[in-house]
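Below: one structure, written as structure tokens.
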Amino acid sequence: MLLIVAGRTAPNRSVRFGGEHDVLDARGIASIEALHIEPPPGRSVVRVGPERSVRQSAELLGHGSDVDPALATLDVGSWRGRTPEQIPGPDLGAWFTDPDAVPHGGESVRAFVTRIRAAVTAMHDDTLLVVAKPVVQALLCEAPESFFRTEVRPGVLLRHDRSSDRVVPGP
């Protein structure tokens, strides 16, 4: 399975919750265009997350048609568009340390990781995914407790070997 992480947006750069719902910035566009990726022969399915930056990334690569709502990014509820400095410290602390916390009224990290892993498990190995960075974090983290310690760069191509559950630079 190939994973393309959507490019960067201006809110991603300024660290705002839910930045993947905005358009790519110039650096995000450049990183996606630099991929020059065509699905290898046999890649019969392309799935695209519903966020604006994800759809734009897929379109830049010529793969924008099959939006899959099951690949939606983490729902940060009332925090969408806000910076960490705009969130009460105890709420922010609880969210970063407790994978079951939902101080924003959206989705818990545990529920998100479980949802994304279930969606991807149901897909064929010949699938190409274009998704938001948190979706790839959910696939890479060892457990929901390590979600925020899992680093993923925007605008990159990765290969997910589901038999060994490893993600490596791809193809």
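Each value in this text was obtained by applying a stated rule to the coordinates, not by laboratory testing. Owing to the predicted nature of the structure, the values given are computational and were not obtained by experimental measurement. Note that we place each Cβ from the backbone using ideal geometry, even for glycine, and neighbour counts take in every protein chain shown.
Among the chymotrypsin sites (Phe, Trp or Tyr not before Pro) within the range 41-135, which fall in a DSSP loop and have no more than 11 other Cβ atoms within 10 Å of their own Cβ?
Within the range 41-135, no chymotrypsin sites (Phe, Trp or Tyr not before Pro) qualify (loop, at most 11 other Cβ atoms within 10 Å).
In nm, to one decimal, how far is the Ala101 label point from the Ala70 one, both placed 7 Å along Cα→Cβ?
Label at Ala101, label at Ala70, 3.1 nm between them.
If you rank Asp98, Asp66 by fewest surrounding Cβ atoms within 10 Å, what's the result?
Placing the least packed residue first, the sequence is Asp66, Asp98.
Just one of [x] 15.4, 50; [y] 18.0, 62; [z] 16.3, 48 is Rg and Dmax of the Cα atoms in Å as worked out from the coordinates here. Which one is it?
[x]
Of the peptides 118-126, 101-109, how do they stack up when ordered by the mean number of other Cβ atoms within 10 Å, highest first?
101-109, 118-126
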